[in-house]
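The values are calculated or read from the model by the stated rules, or taken from the named source; none is laboratory data. If you're wondering where the values come from, they're calculated on a predicted model, not measured in any experiment. Every residue, glycine as well, gets a Cβ built from its backbone with ideal geometry; the counts of neighbours run over all protein chains shown.
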Amino acid sequence: MSDPQPLQFDRVEYASAPTATTCANCRQQIVQSYYEVNGKLICSRCHEALTQGSDGSRGLRVGRALIAGFGAAVAGAVVWWGVRKLTGYEVGLISIGIGIAVGKAVRWGSQQRGGWAYQLLAVLLTYSAVAGNYMPDTFQALREMGKQQTTAASSTSPSPAVQKASAAPAKDEGVSLFKFLLALLALFVIAAAAPFMAGFENIIGILIIAFGLYEAWKINKRVPLTITGPFSVAPAAPPASNV
């Protein structure tokens, strides 16, 4: 049996305790006291703003969520379309990844608030990414259809009235911005209906897309705030020194 270690009285030792850390909200160093909100540490100033409802404008949070979610949706649509073009396969599982990415982006933009409004925004942006993935193919199909109709019309001899009308210069040859946006909206609506055009043959693909929408909805569910504190920040222990 080993001899017990003698007690040391010539050196002071400090018990380990939380030292100054960074606020999870404002990213500033916590100096004196802090609160714990759903497992995250925030400073007293952010706690006061949170409890009083003054932690940023609601419009600013909605704008951040919209911009962040839209960016994730565009990136997801491009990735899905690119995979289809490179592989020639319809990888519907990508829609689940899009739902998760858009949901997290909206959650970040809302400053982790959540709620039915952000859930609805995440779902709409997720399905917009699904429709955006099919928009190039829809545009190409409509373009080919227009070419076929033009070829069929040119094969028949036009009447003298039609020849006279075609010879007259068009009053408005340019495409207005309103017409362009209207055509873009019509293209989007057709692309949004693309997953359902195959009917029951694409039932698995529809279910996968629905699961991706559910992920976006679930991520932005409102979580009740659990606040504990205040707690004091323990001062950093000074370096050990001999007395």
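Worth a mention:
- Which listed residue, of 191, 216, is modelled with pLDDT under 75, under 39 Å from the mean Cα position of the chain (by Cα) and under 30 Å from residue 108 (Cβ atoms): 191
- Residue in the stretch 69-88 that is of a type outside the set (Asp, Glu), in contact with a Gly (Cβ under 6 Å, 6 or more places away or on another chain) and more than 19 Å from residue 197 (Cβ to Cβ) present: no
- Residue pairs whose Cβ atoms lie under 6 Å apart, separated by 6 or more positions or on different chains, with the first residue in the stretch 105-123 and under 14 Å from residue 25 (Cβ atoms) and the second hydrophobic (A, V, I, L, M, F, W, C), are 108/68; 110/65.
For (1) more than 30 Å from residue 226 (Cα to Cα); (2) touching a Phe, Trp or Tyr at 6+ places or on another chain (Cβ under 8 Å); (3) modelled with pLDDT under 75, each residue gets a yes or a no:
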site: 116; (1), (2), (3): no, no, no
site: 119; (1), (2), (3): no, yes, no
site: 147; (1), (2), (3): yes, no, yes
site: 151; (1), (2), (3): yes, no, yes
site: 158; (1), (2), (3): yes, no, yes
site: 174; (1), (2), (3): yes, no, yes
site: 184; (1), (2), (3): yes, no, yes
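- Criterion violated by residue 51 - all others in (1) polar (S, T, N, Q); (2) under 12 Å from the mean Cα position of the chain (by Cα); (3) surrounded by fewer than 16 Cβ atoms within 10 Å (Cβ to Cβ) satisfied: (2)
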